[in-house]
Amino acid sequence: MNKPSASPESLNVSARTPTVKPVGGTGLLDQLHRPLRDLRISVTDRCNFRCTYCMPREVFSSDHAFLPQPELLSFEEITRMASIAVTMGVQKIRLTGGEPLLRKHVENLIEQLAQLRTPQGQPVELAMTTNATLLAQKAQALKTAGLHRVTVSLDALDSSRFSQLSDSNVAVERVLAGIEKAAEVGLAPVKVNMVVRKGINDDQIVPMARYFKGRGHALRFIEYMDVGNSNGWNLDEVVTGAEIIQKLSAEFDIEPAAANYYGEVADRYRYTDGSGEIGIITSVSNPFCGDCTRMRLSPEGQFFLCLFASRGYDVRSLLRSEATDNEIAAHVMEIWRGRGDRYSELRGLGTAPKDKIEMSYIGG
Ligand code: SAM
Ligand code: SF4
Ligand code: SF4
């Protein structure tokens, strides 16, 4: 496994000033005064890709111990947990994985989640992050079930590079067809996420921008992160947001655009000719922990308070006990109140913990 050979300081890391306004809702705040607003639910730890930075084949081989079905939360258990989280302030739910479209009948879960209402009577915003291999065939069912938006992960346009990065024989055209179908059925605006790695796919930045410019989808470039323990992350492979913008500015006329909402993770830029926008997610060079209002639920019912957490908090045993919703809510609120996680900021200071959960297990 490679070791980081550059120091975090060499990235000029600076934490952002938090913009989250902890107002309204239940008054539930963590140790850093962050409210709970977003719930990311990983519905499976399985995937049909073996992206080298997420599920390298040598670690996630055919004899890897994936979770057996009875270990997974059922759709009813997930919906119950989500409805409790909504009473605590959650306004957005994102389904992820592993590959969420591999979970059988995931549209039935979406149908249940779409019934949830915030204490103010608003529907909960429902999104999904997917590799889109099954999206063209599932988009209409997802939309009908009540999904609002999708984010599609795509790290290269070039077909041989795409196969190499996803370590699969899925054609890139299938992903592109999934994106178009999602937009066509109204799962829009479709966001397209590209994780950029130096010397691996940074030559795809401009072709990706050129392809998506004017198509109505929001392309977002993501700094490569040291999630999990299995991808052999190396700081030398991080292309910073500033470097990405430099590359794009040499080719296109772009200008910064205002954030859409408090705590938006992407820095937005728009093409001055009005042909769309792009986003940059600087999780490494300019972390946004101060605004992080996200809690993650793993496939078998553990809450994780940070993408880089080393431990989770079991709620499945409570969901499978006689505990009432109020008792479960009290337990989860206690967990949130104790939260002081800010891994990406600590990484910049060189004091971050080493053991982390895998991204394919808790989702991005
Ligand atoms: N399988 C789905 C997909 O790929 O969209 C959902 C789960 S995947 C773990 C969620 C997101 O995490 C993807 O956009 C992926 O690119 C991103 N991701 C995985 N490993 C990453 C890493 N080391 N750094 C940055 N993003 C990563
Ligand atoms: Fe699968 Fe998504 Fe991880 Fe790639 S990033 S291996 S598609 S879970
Ligand atoms: Fe949130 Fe943890 Fe990422 Fe910071 S490092 S933004 S606390 S998930």
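The values are calculated or read from the model by the stated rules, or taken from the named source; none is laboratory data. What you are looking at is a predicted structure, and each value in this text was computed from that prediction instead of being measured. Note that each Cβ is placed from the backbone with ideal geometry, even for glycine, and that neighbours are counted across all protein chains shown.
Quick notes
- Hey, ALA85 small (Gly, Ala, Ser), surrounded by 18 or more Cβ atoms within 10 Å (Cβ to Cβ) and either at pLDDT 85 or above or within 16 Å of ligand 3 (Cβ to nearest atom) (or both) or not: yes
- Looking across region 46-59, the residues that are near ligand 2 (Cβ under 9 Å from one of its atoms) and of a type in the set (D, E, K, R) come down to ARG46, ARG50.
Per-residue answers, yes or no, for (1) modelled with pLDDT under 95; (2) more than 21 Å from ARG40 (Cβ to Cβ):
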{"site": "ILE278", "(1), (2)": "no, yes"}
{"site": "SER298", "(1), (2)": "no, no"}
{"site": "LEU305", "(1), (2)": "no, no"}
{"site": "PHE308", "(1), (2)": "yes, no"}
{"site": "ALA330", "(1), (2)": "no, yes"}
{"site": "THR351", "(1), (2)": "yes, yes"}
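- Output for region 198-242, where each listed residue is hydrophobic (A, V, I, L, M, F, W, C) and over 23 Å from GLY274 (Cβ atoms): ILE200, ILE222, MET225, VAL227, TRP233, LEU235, VAL238, VAL239, ALA242
- Some residue of region 250-264 being more than 15 Å from ligand 1 (Cβ to nearest atom), surrounded by 17 or more Cβ atoms within 10 Å (Cβ to Cβ), β-branched (Val, Ile, Thr) and farther than 21 Å from VAL152 by Cα: yes
- Test: residue in region 60-76 that is within 30 Å of GLU243 (Cα to Cα), hydroxyl-bearing (Ser, Thr, Tyr) and modelled with pLDDT under 90: no
- Whichever residue in region 291-341 is surrounded by fewer than 17 Cβ atoms within 10 Å (Cβ to Cβ) and within 13 Å of ligand 3 (Cβ to nearest atom) and, among such residues, is farthest from the chain's Cα centre (by Cα): GLY340
- Taking residues in region 341-364 that are under 16 Å from THR282 (Cβ atoms) and acidic (Asp, Glu), and partners anywhere that are near ligand 3 (Cβ under 10 Å from one of its atoms) and modelled with pLDDT of 80 or more, the pairs with Cβ atoms closer than 6 Å and at least 6 places apart or on different chains are GLU345/PRO287; GLU345/CYS289.
- Selection of region 115-137 for residues being within 21 Å of the chain's Cα centre (by Cα), surrounded by 19 or more Cβ atoms within 10 Å (Cβ to Cβ) and away from ligand 1 (no atom under 16 Å from the Cβ) yields only VAL124.
- Filter pass, ILE93 being under 21 Å from the mean Cα position of the chain (by Cα), among the aliphatic types (A, V, I, L, M), away from ligand 2 (no atom under 15 Å from the Cβ) and closer than 30 Å to VAL238 by Cα: yes
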